[in-house]
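K.L.:
Got a structure here, written out as structure tokens. Questions coming.
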Amino acid sequence: MEKLPIGIQDFGELRRGGYVYVDKTELIHRMVTMGKPYFLSRPRRFGKSLLVSTLKALFEGKRELFEGLWIENRWDWQQTNPVLHFSFEAIDYDKRGLEEALQLHLRMKAEAFNLKLERLGSKEQLAELIQKIAAKHGQVALLIDEYDKPITDYLNEENIGQAKANRDLLREFYGVLKSADEHLRLIFITGISKFAKVSIFSNLNNLSDLTLHRTYATLTGYTQSELEYYFEPHLYAAGQALELSTAVLLDKIREWYNGYSWDGRNKVYNPFGIISFLDQQAFMNFWSASGTPRLIVEQMRQQQLYAMEEVPIKSFIFEHFDLDHIALVPLLFQSGYLTVKSANLLTGEYVLHYPNKEVRESMYAFLLQELSPEPTRHNTGRTVHDLQQAFAQDNLEQVRDILDSVLADLPYETFDKTSEGLFHGLVHILFNYLGLYCKSEVHSARGRADAVVQMPQTIYIFEFKIHQTATEALQQIRERDYAQRFRSSGKRVLGIGVHFDGQERRIAGWEVEAL
């Protein structure tokens, strides 16, 4: 079998080393022959750096690396272009400061072309470098990877000032590219965030944004057909190891790792997640290992917004994120926690949701850990598993004890009538997290129960009250006939009214009734 390209971001290393390469060169060919200045944002670990490295090898004319690929006999290998490649992963701005680090990096790039820079300041040096390379070698292919890293690295309350300073500096730095157009064969800029497109590229307004472009929806990531074709031996090995048929294995893989989309039609796998699965041959959460931005939790807490399962938005919302007015939905989208479920290109209306089980579990676990009381904070996965087992055993006393432990140490202000968002947020997260293991759902609209858990024999309908009794909660379940839609199931239906005492911070009332 070809080797799995875990962590391989260099196209040359991948091709020479006998690793699996999913051929994206047809789309790459279309892109570089149809236009010139491009911008693409994708979440972390989505193959952006490998794409940039592939472009670098293409313009340098390294035909041997493209042997057997779609583009091999469709590209003029005699025509090459000098490549100016920036990866902010390799620029030491954290220690030196961004301006000094950029100037040092530009001087290193100039030396590689046997050039010497005479101007002062990073933006002037960038313009000078492009002009001198073009004069000596021809039009330049400019590739900028992780363009936004000096900003996204500081996206937290403590360092937001540094993020803004770096944003302002980069606006000036990238601004010189428009006037350098005649010296450039290609501009390809990629990163995680799209939020900075307006504020950073305000002086470079001719970029073609591929982020939501339907033609390039599969430029990074693996489609289902690509997965099954290129990784067939590895899929077979995983099926053998897990003792699963091919059909069952592919269904579980789709549930866990597929689902990312930028057009609502084409779905792709995050390369890191699916390759990690094929390597370890175990269904695990690889997404959570790379962490969740603290800013996401801070914003969700401030906005008391935790229900992100189905988010309707207009397309202009994608452009409405900047450091002065942080918008939660674009932040979740850019970070890869939300993806496009459906898109109406006639009206510009989108519906976003979690792409798959892996990402949904990561978000629920992280939120539950951050928002829950100290005793359960470091064992949230175990808590949810125990809750599922308690329902499976019809042990409502244990269900009550687990809920009590999760909610018991919430701050007093949580139970103020004007500020119940954290309480309801925790209930929402807990029961939707539970839904990864059994059928559980949470509703907040009038006429729907607060939470419903469906087990093979029993359906549990919950109504939670802070300022009313458990009897009143149960009465609401009865009067609004929440059980009506479940009666045809043939299962036993139980209504559970719960009163949580905000002063004592405990479950003070718990009443159960067969409906």
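K.L.:
Test Y350 against the stated conditions and say whether it is of a type in the set (S, T, Y) and assigned to a loop (DSSP other than H, G, I, E, B).
P.N.:
no
K.L.:
I'd like to verify a number: residues in the range 73-108 that are closer than 21 Å to D10 by Cα, in contact (Cβ under 8 Å) with a residue 40 or more places away in the chain and exposed (fewer than 15 other Cβ atoms within 10 Å of the Cβ), how many?
P.N.:
So the answer is 1.
K.L.:
Within the range 122-152, track down each residue that is over 19 Å from F201 (Cβ atoms) and either touching a Leu at 6+ places or on another chain (Cβ under 7 Å) or part of a loop (DSSP other than H, G, I, E, B) (or both).
P.N.:
Q125, E128, L129, K132, I133, G138, Q139 - these are the residues of the range 122-152 that are over 19 Å from F201 (Cβ atoms) and either touching a Leu at 6+ places or on another chain (Cβ under 7 Å) or part of a loop (DSSP other than H, G, I, E, B) (or both).
K.L.:
Still on this structure, please answer the following. Between residues in the range 165-178 that are more than 18 Å from G97 (Cβ to Cβ) and residues that are modelled with pLDDT of 90 or more, which pairs lie under 7 Å by C-beta distance while being six or more apart or on different chains?
P.N.:
Every condition considered, the pairs that remain are G175/K123; V176/K123; V176/L126; V176/A127; L177/I187.
K.L.:
Determine whether L186 is in a loop (DSSP other than H, G, I, E, B) and surrounded by 16 or more Cβ atoms within 10 Å (Cβ to Cβ).
P.N.:
Working: in a loop (DSSP other than H, G, I, E, B): no; surrounded by 16 or more Cβ atoms within 10 Å (Cβ to Cβ): yes.
Here the answer is no, as L186 does not meet what is asked.
K.L.:
Please enumerate the residues belonging to the range 230-255 that are within 17 Å of E361 (Cβ to Cβ) and either of a type in the set (V, I, T) or buried (at least 22 other Cβ atoms within 10 Å of the Cβ) (or both).
P.N.:
Within the range 230-255, I253 is the sole residue that qualifies.
K.L.:
Are any residues in the range 464-515 within 20 Å of V399 (Cβ to Cβ), within 37 Å of the chain's Cα centre (by Cα) and part of a loop (DSSP other than H, G, I, E, B), and if so, which ones?
P.N.:
Result: I466, Y482, A483, R505.
K.L.:
From the residues in the range 110-148 that are in contact (Cβ under 8 Å) with a residue 24 or more places away in the chain and polar (S, T, N, Q), which one is surrounded by the most Cβ atoms within 10 Å (Cβ to Cβ)?
P.N.:
S122
Residue-by-condition table, conditions (1) under 19 Å from V442 (Cα atoms); (2) touching a strand residue (DSSP E or B) at 6+ places or on another chain (Cβ under 9 Å); (3) surrounded by 14 or more Cβ atoms within 10 Å (Cβ to Cβ); (4) assigned by TED's automatic domain parsing to the domain that holds F423:
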{"position": "P456", "(1), (2), (3), (4)": "yes, no, no, yes"}
{"position": "Q484", "(1), (2), (3), (4)": "yes, no, no, yes"}
{"position": "S488", "(1), (2), (3), (4)": "no, no, no, yes"}
{"position": "I496", "(1), (2), (3), (4)": "yes, yes, yes, yes"}
{"position": "G502", "(1), (2), (3), (4)": "no, yes, yes, yes"}
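K.L.:
Is it the case that the range 278-297 has a residue that's loosely packed, with under 14 Cβ neighbours inside 10 Å and touching a strand residue (DSSP E or B) at 6+ places or on another chain (Cβ under 9 Å)?
P.N.:
Looking for residues that are loosely packed, with under 14 Cβ neighbours inside 10 Å and touching a strand residue (DSSP E or B) at 6+ places or on another chain (Cβ under 9 Å), one finds none in the range 278-297, hence no.
K.L.:
Next question, about the same structure. Test N81 against the criterion of being farther than 28 Å from M34 by Cβ and of a type outside the set (V, I, T), and give yes or no. Write out each step before concluding.
P.N.:
Details: farther than 28 Å from M34 by Cβ: no; of a type outside the set (V, I, T): yes.
Answer is no for this residue.
K.L.:
Listed residues L69, L50, L27, L65; which is touching a Leu at 6+ places or on another chain (Cβ under 6 Å) and modelled with pLDDT of 95 or more?
P.N.:
Answer to the check: L27.
The values are calculated or read from the model by the stated rules, or taken from the named source; none is laboratory data. This structure is a prediction, so every number in the text was calculated from the model and none was measured. We place every Cβ from the backbone using ideal geometry, glycine too, and count neighbours over all the protein chains shown.
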